[in-house]
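Asker: There's a structure below that I have some questions on.
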Amino acid sequence: MSPDPSGTIKSVLQEQRVFHPSAELASQSMVGSLEAYRRMAEQAKTDPDSFWGEAARTELEWFEPFDSVLDWSNPPFARWFEGGTTNLSFNCLDRHLNGPKADKTALIWEGEPGDVRRFTYRELHAEVCRAANALKALGIGKGDLVALYMPMVPEAAIAMLACARIGAPHSVVFGGFSAEALRDRLVDGEAKAVITADGGFRKDKAVALKPAVDAALAEGACPSVTSVLVVQRTKESVVMEPGRDQWWHELVSAQSQECAAEPMASEDRLFVLYTSGSTGKPKGVVHSTAGYNLWAHLTFKWIFDIRDEDVYWCTADVGWITGHSYIVYGPLSNGATTVMYEGAPRPSKPGAFWELIQKHGITIFYTAPTAIRAFMKSGRAVPDQYDMSSLRLLGTVGEPINPEAWMWYREVIGGDRCPIVDTWWQTETGGVMISPLPGATPTKPGSATLPLPGIEADVVDAQGEPVDVDEGGYLIVRRPWPGMMRTVHGNPQRFRESYWEYLRPKDGSFIYFAGDGARRDSDGYFWVMGRVDDVINVSGHRLGTMEIESALVSHPAVSEAAVVGRPDDLKGEAIVAFVTLEGSREVSDALIQELRVHVGKEIGPIARPDEIRCSDALPKTRSGKIMRRILRALAAGEEVKGDTSTLEDRSVLDRLRA
Ligand code: 6R9
């Protein structure tokens, strides 16, 4: 695939509101002012080697110091902090044990049925050491890939840290994936072991996991897998295969609670995480030890402006990169208290999230726009029943957040006092790339604002050259950064072609592009417009989906919208909008007409949908991203082809067809 030569994307969103950090917040925050942020960014730009070198030396513990900061002699294959050895598990645990943090709560876990477990740093260290010794007892060592297919239980985090501790890269496969999806990932990564559970709880029901592992391994499909370690969670009966399967509680509890962290070279592979992309075979994104650790650590510290007394909660699943970087590694590397929740809001407990915030005195809450829109749909009466005065900071990740949802989040959840950090990043970037810094960056609803220090983001056209202010184009990053993915597992050529050779500027430099469109406003703020694969070409105007969707959602009757193009003889593409309505609203011709007029008024006649279809739900991935590819096929009256294994709820597809 190559870039559309027509280049830019037309931007139509108008958003003028600006929220400045209060003087009080500024004075308490780490960075403190926009000027201070700009100084950091300037320093990182003029002398990146000292900036990153200094950060790596002061923020991480090293067994052996590194000799060089960045080797970029063979782009796009970067080598960071060569010569150094360190260990992520050591940085997340051991280094906190010699001071007051040893007895600080590291992890608070709440199960869906309401069971709670807490671990201090000392206790978590002991558990991780036991699990690491158990892996060793199974013959797993440095370099062996271990797949995790788990519910949201503490053992998931413990297993990840145990793998990192012995230098066995992990490959976490989301527990909602099918046996086939699991098998593909086990085969591609040549996993040696699988850690799983009998099952987990979801929407008030026990959901089995172990049978999917059995199915994935059946008939010798994954010959590399020699052991399966099974956590007991639901206590439903499972089949244990002798010689292959062992219970976690039997094997792990028998181990010593001491296990020295393996010194790992900076560039040693830390984990593989598969990202589906919108088309094609999933890519195994490879991250390496030191660079990833530094980036998860630094970004967590900057963006959440973390304080010792914070209780931080990210609602992601550990099966996603957000769970890796911002439930487990970033928070623990900083010695923070991180919350992990097995459940989700559900009809029997619509206020589940708010109850958790109230119960644990959560101060920082990080979730996805899709969740926020769902909460808006069920109305503010639910959150209003809870005391959420402990909150001081809110974050979002996963998709562009439409200004309407941003304002609701701020007012209803944040009580008009909590700043919002809208964090743009990807599995491939390892950690956040563009985000406000609390107390420093004024925010605008719907904008991820400014790149973090050290990140040279820009918007370019199809030739790789910068576009004008307010002109939409391709969102790119100019220089390597420590947390960047190192390669696609088993396919370096795919890494080079899809990320670093897609756009080539005249000067021949390498720029990173991973698929999003964006524009920059006159303050240099970034407005992410969605995936460029989703751009709609109406009479030669290339429109991002996000802006039309935002306009629809700003109408009081609409709760969520997804917009796609349908081939059209006259215009090239016609705009088709799929919308879900607010709880009490009924579909009618008058309402459809009203919505079309509304979009025309908000952003202009060019963006007015040609067709609007109402449905009770939209097809989403399990991490909450709308799968517009599916809607495109439906809108065109075609058959839905390609991978649908990442779909959250397959019945949505049938309902949409009907
Ligand atoms: C962290 C994560 C990456 C894609 C990314 C973009 C979208 C994520 C966003 C956002 C606008 C934000 N995305 N955060 N778009 N604003 N704050 O989600 O990783 O699952 O790899 O998805 O998600 O399209 O390219 P991943």
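Asker: Among the residues of segment 319-349, which ones are over 21 Å from ALA374 (Cβ atoms) and within 10 Å of the chain's Cα centre (by Cα)?
Answerer: Once the filter is applied, which keeps residues that are over 21 Å from ALA374 (Cβ atoms) and within 10 Å of the chain's Cα centre (by Cα), segment 319-349 yields ILE321, HIS324, SER325.
Asker: Also, quick follow-up: Do we have GLY415 as open to solvent by 20 Å² or more (accessible area, probe 1.4 Å) and more than 16 Å from the ligand (Cβ to nearest atom) here?
Answerer: For GLY415, the condition - open to solvent by 20 Å² or more (accessible area, probe 1.4 Å) and more than 16 Å from the ligand (Cβ to nearest atom) - is met.
Asker: Being modelled with pLDDT of 95 or more and open to solvent by 10 Å² or more (accessible area, probe 1.4 Å) is true for just one of VAL467, VAL421, VAL459. Which residue is that?
Answerer: VAL467
Asker: Please specify each residue of segment 169-214 satisfying the condition of being in contact with an Asp or Glu (Cβ under 8 Å, 6 or more places away or on another chain), open to solvent by 40 Å² or more (accessible area, probe 1.4 Å) and closer than 21 Å to ILE321 by Cα.
Answerer: ARG202
Asker: Let me ask you something else. Suppose we keep only residues that are small (Gly, Ala, Ser) and in a helix (DSSP H, G or I) within segment 172-229. Which one would you say is nearest to TRP247 (Cα to Cα)?
Answerer: Filtering first and then ranking leaves ALA212.
Asker: Here's a check for you: in segment 133-147, which residue that is over 14 Å from SER89 (Cα atoms) and not in a loop (DSSP other than H, G, I, E, B) is most open to solvent (accessible area, probe 1.4 Å)?
Answerer: If we take residues in segment 133-147 being over 14 Å from SER89 (Cα atoms) and not in a loop (DSSP other than H, G, I, E, B), then LYS136 is most open to solvent (accessible area, probe 1.4 Å).
Asker: All but one of (1) of a type in the set (A, V, I, L, M, F, W, C); (2) open to solvent by 40 Å² or more (accessible area, probe 1.4 Å); (3) touching a Ser or Thr at 6+ places or on another chain (Cβ under 9 Å) hold for LEU653, so report the exception by its number.
Answerer: Among (1) of a type in the set (A, V, I, L, M, F, W, C); (2) open to solvent by 40 Å² or more (accessible area, probe 1.4 Å); (3) touching a Ser or Thr at 6+ places or on another chain (Cβ under 9 Å), the lone unmet condition for LEU653 is (2).
Asker: Among the listed residues ILE575, ILE548, which satisfies the condition of being away from the ligand (no atom under 16 Å from the Cβ), open to solvent by less than 10 Å² (accessible area, probe 1.4 Å) and under 17 Å from LEU618 (Cα atoms)?
Answerer: ILE575
Asker: Pick out the one residue from ILE626, ILE630 that is within 16 Å of the ligand (Cβ to nearest atom), crowded, with 18+ Cβ neighbours inside 10 Å and within 14 Å of VAL564 (Cα to Cα).
Answerer: After ruling out the rest, the residue left standing is ILE626.
The rows are residues; the columns are (1) touching a residue at least 24 places away in the same chain (Cβ under 8 Å); (2) not in a helix (DSSP H, G or I).
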site	(1), (2)
ALA55	yes, no
THR58	no, no
TRP62	yes, yes
PHE77	yes, yes
GLU82	yes, yes
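Asker: Please determine whether any residue of segment 281-293 is within 15 Å of the chain's Cα centre (by Cα) and either open to solvent by 20 Å² or more (accessible area, probe 1.4 Å) or closer than 16 Å to TYR366 by Cβ (or both).
Answerer: Within segment 281-293, not a single residue is within 15 Å of the chain's Cα centre (by Cα) and either open to solvent by 20 Å² or more (accessible area, probe 1.4 Å) or closer than 16 Å to TYR366 by Cβ (or both).
Asker: Please go through segment 240-256 and give me each residue that is surrounded by 14 or more Cβ atoms within 10 Å (Cβ to Cβ) and touching a residue at least 40 places away in the same chain (Cβ under 8 Å), ordered by number.
Answerer: Result: GLN246, TRP248, LEU251, VAL252, GLN255.
Asker: Name the one entry in ASP568, ASP589 that is out of contact with any Leu (no Cβ under 6 Å at 6 or more places or on another chain) and in contact (Cβ under 8 Å) with a residue 12 or more places away in the chain.
Answerer: Step by step, each of ASP568, ASP589 is checked, and only ASP568 is out of contact with any Leu (no Cβ under 6 Å at 6 or more places or on another chain) and in contact (Cβ under 8 Å) with a residue 12 or more places away in the chain.
Asker: Open to solvent by 30 Å² or more (accessible area, probe 1.4 Å), at pLDDT 95 or above and either touching a Pro at 6+ places or on another chain (Cβ under 8 Å) or not assigned by the TED database to the domain that holds LYS281 (or both): which single residue out of GLU638, GLU648, GLU582, GLU594 fits that description?
Answerer: GLU594
Asker: Confirm whether PRO400 is within 11 Å of the ligand (Cβ to nearest atom), assigned to a loop (DSSP other than H, G, I, E, B) and in contact with a helix residue (DSSP H, G or I) (Cβ under 6 Å, 6 or more places away or on another chain).
Answerer: yes
Asker: Continuing with this model, one more query. Assigned to a helix (DSSP H, G or I), touching an Asp or Glu at 6+ places or on another chain (Cβ under 7 Å) and either among the small types (Gly, Ala, Ser) or within 22 Å of ALA260 (Cα to Cα) (or both): which single residue out of ARG130, ARG95 fits that description?
Answerer: ARG95 is the lone residue from the list that is assigned to a helix (DSSP H, G or I), touching an Asp or Glu at 6+ places or on another chain (Cβ under 7 Å) and either among the small types (Gly, Ala, Ser) or within 22 Å of ALA260 (Cα to Cα) (or both).
Asker: While we're here: Looking at TYR326, TYR312 in this structure, which one is in contact with a Phe, Trp or Tyr (Cβ under 8 Å, 6 or more places away or on another chain) and either away from the ligand (no atom under 16 Å from the Cβ) or free of Cβ contacts under 8 Å to residues at least 40 places away in the same chain (or both)?
Answerer: TYR312
Asker: Further question on the same structure: Which condition from (1) more than 16 Å from the ligand (Cβ to nearest atom); (2) over 21 Å from VAL311 (Cβ atoms); (3) in contact with a strand residue (DSSP E or B) (Cβ under 8 Å, 6 or more places away or on another chain) is the one that PRO369 breaks?
Answerer: All conditions pass for PRO369, except number (1).
Asker: Of MET30, MET40, which residue is part of a loop (DSSP other than H, G, I, E, B) and within 27 Å of the chain's Cα centre (by Cα)?
Answerer: The conditions single out MET30.
Asker: Further question on the same structure: Only residues that are open to solvent by less than 10 Å² (accessible area, probe 1.4 Å), within 13 Å of the ligand (Cβ to nearest atom) and of a type outside the set (Ser, Thr, Tyr): list them for segment 424-444, please.
Answerer: Within segment 424-444, GLY430, GLY431, VAL432, MET433, ILE434, PRO436 meet the criteria.
Asker: Here is a further query. Taking segment 565-601, which residues are closer than 27 Å to ARG380 by Cα, under 30 Å from the mean Cα position of the chain (by Cα) and not aliphatic (A, V, I, L, M)?
Answerer: Within segment 565-601, PHE578, THR580, GLU582, GLY583 qualify.
Asker: Evaluate the following for ARG380: is it under 21 Å from ARG307 (Cβ atoms), among the basic types (Lys, Arg) and in the same structural domain as ASP310 (by the TED database)?
Answerer: No: the conditions fail for ARG380.
Asker: Considering every residue within segment 148-156, establish whether at least one is under 20 Å from the mean Cα position of the chain (by Cα), part of a helix (DSSP H, G or I) and among the hydrophobic types (A, V, I, L, M, F, W, C).
Answerer: Looking through segment 148-156, at least one residue is under 20 Å from the mean Cα position of the chain (by Cα), part of a helix (DSSP H, G or I) and among the hydrophobic types (A, V, I, L, M, F, W, C).
The values are calculated or read from the model by the stated rules, or taken from the named source; none is laboratory data. Treat the numbers as computed from the prediction; the structure is a model and nothing was measured. All Cβ positions, glycine included, derive from the backbone under ideal geometry; neighbour counts span all protein chains shown. Just so you know, the surface numbers come from the protein's heavy atoms only, side chains and all, with ligands and any DNA or RNA stripped out. Shrake-Rupley method; radii C 1.70, N 1.55, O 1.52, S 1.80 Å.
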